[in-house]
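Where a number appears in this text, it was derived from the coordinates with a stated rule and is not lab data. All values derive from a computational prediction rather than experimental measurement. Neighbour counts are summed over all protein chains in view; Cβ atoms, including those assigned to glycine, are modelled from backbone coordinates with ideal geometry.
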Amino acid sequence: MKRFWQSVGLAAVTVMGVVPALAAGPLVSQAADPQKEPGSAITIRVFQFQPGQLDVKAGSRVTWTNQDDIEHTVTSGTPERPDGRFNTRLSGKGATFSSTFTQPGTYSYFCNRHPSMRGQLRVN
Amino acid sequence: MKNSFVRLTGVVTIATVLSAGCGMATSHYGAMPGSTMAMATSSTKAADLKTGLNALLGEHVLVAAVATSHALGGREAAFKGAAAGLDANSVEIARAIGSVYGADAEKAFLPLWRRHIGFVVDYVGGVAAKDKAKQDNAVNDLVQYTQDFGAFLSSANPNLPKAVVADLVKSHVLTLKDVIDAQAARDWQKVYPALRAAAAHMQMIADPLADAIAKQFPAKFAAR
């Protein structure tokens, strides 16, 4: 019986795609080309990071602002592999988090409460 | 006796889907020639949206109940089939959201919607195992989820207050829980009225959702 419920659980998450590891790659906004600006802003709205992919120059300060009436996090890495660089809770509408990125590279991040929410920062 | 609910639910599900299909098809063509019975027609895009959402959300409950019945009955292959059907329905619901709010919103909605189904699966597992702690955890997750879902829709549409949506989704969760509990108790006399109530409740979500969308985009959902 236990084996049945294990397979039910596995069947459920496999079909329903709940397990983050099975999710597709980072959600990238298709709305616009990546932007390059110092002091750039990322809005969290309707459970999306907007823009989903942002290009900034090294030394830029990036600010995330939560416009959803629910807690989100900005957590560096991916749900499968958080990298510990930053992990901030944005408790509700209006909450912000800022960080300055000095090192070139690609920084993936996600919301720990809603792992399908993902974004990417490219520092040039 | 054990299979009668599955058969009944299957029939109800098919009837619901077929009637929804008929309703949507005749919205373009009106009454069929020679028919003495007036077919329901939708004269506006807003009404079409309402019809479509009601069909999808009602189907969600019916197929979910089929899936939970199979799970509680230990019918693994049947459960997998029903779960696949339930996920297909989820994809359609997300597609309906995306048709209004765009592909990114559709991509954001689907995992969120699927999440509550996962919590229901957890609850069913707890019921089957007679594990009260697991049941309670699942219910807590579902109650928290109502806040997430309310926040999603209120962010997408200012005509949908978060608390109102959360309350409606909570009722959905609790009415479906009644179905699951009746199934688990093999109280077959209780299952049908509970299922009927759970399915009917979805109109309380579909109607205001459709109305709020039509209000948000009056040009898109104007009368023909």
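Of note:
- Neighbouring partner chain Cβ atoms per residue of B:143-149, average, 10 Å criterion: 2
- Straight Cα distances below 21 angstrom link B:K162 to the lysines A:K93, B:K50, B:K107, B:K170, B:K215, with same-chain residues fewer than 8 positions distant left out.
- Per-residue ³J(HN,Hα) for the range B:147-157, Karplus 6.51 cos²θ - 1.76 cosθ + 1.60, θ = phi - 60°, Hz, x for Gly and Pro: 5, 4, 5, x, 5, 4, 5, 6, 5, 6, 9
- Overall shape: prolate for the range B:68-224, with the ratio a/c of the largest to smallest alpha carbon gyration tensor axis at 1.5 or above and a/b above b/c.
- Computed from backbone phi with θ = phi - 60° and the Karplus coefficients 6.51, -1.76 and 1.60, the 3J(HN,Hα) list for the range A:90-107 is 10, 5, x, 4, x, 5, 10, 9, 10, 8, 9, 10, 9, 9, x, x, 10, 10 Hz; x is used for glycine and proline.
- Förster radius 45 Å - calculated FRET efficiency between B:W188 and A:T106, Cβ distance, rounded to 0.05: 0.20
- Averaged over B:186-199, number of beta-carbon atoms from partner chains that fall within 10 Å: 0
- Amide H to amide H distances under 5 Å link A:V56 with A:R122, A:V123, A:N124, where only residues 5 or more positions off or on other chains count and H is placed in the peptide plane.
- Here's how it looks for A:R118: its modeled amide H is under 5 Å from those of A:L27, A:F49, which are all 5 or more places away or on a different chain.
- Mean per-residue shielding of peptide B:115-125 is 4, counting Cβ atoms of other chains within 10 Å of each Cβ.
- Span from the the range A:49-124 Cα centroid across to the the range B:110-145 one, whole angstrom: 29 Å
- Anisotropy class of the range A:71-124 from Cα gyration tensor, a/c 1.5 cut: oblate
- Vicinal HN-Hα couplings computed from phi for the range B:50-58 (Karplus, 6.51 cos²θ - 1.76 cosθ + 1.60; Hz; Gly/Pro x): 5, 4, x, 5, 4, 5, 5, 6, x
- The amide H of A:R113, built 1.01 Å from its N in the peptide plane, has A:T73 as neighbours under 5 Å, considering only residues 5 or more places off or on other chains.
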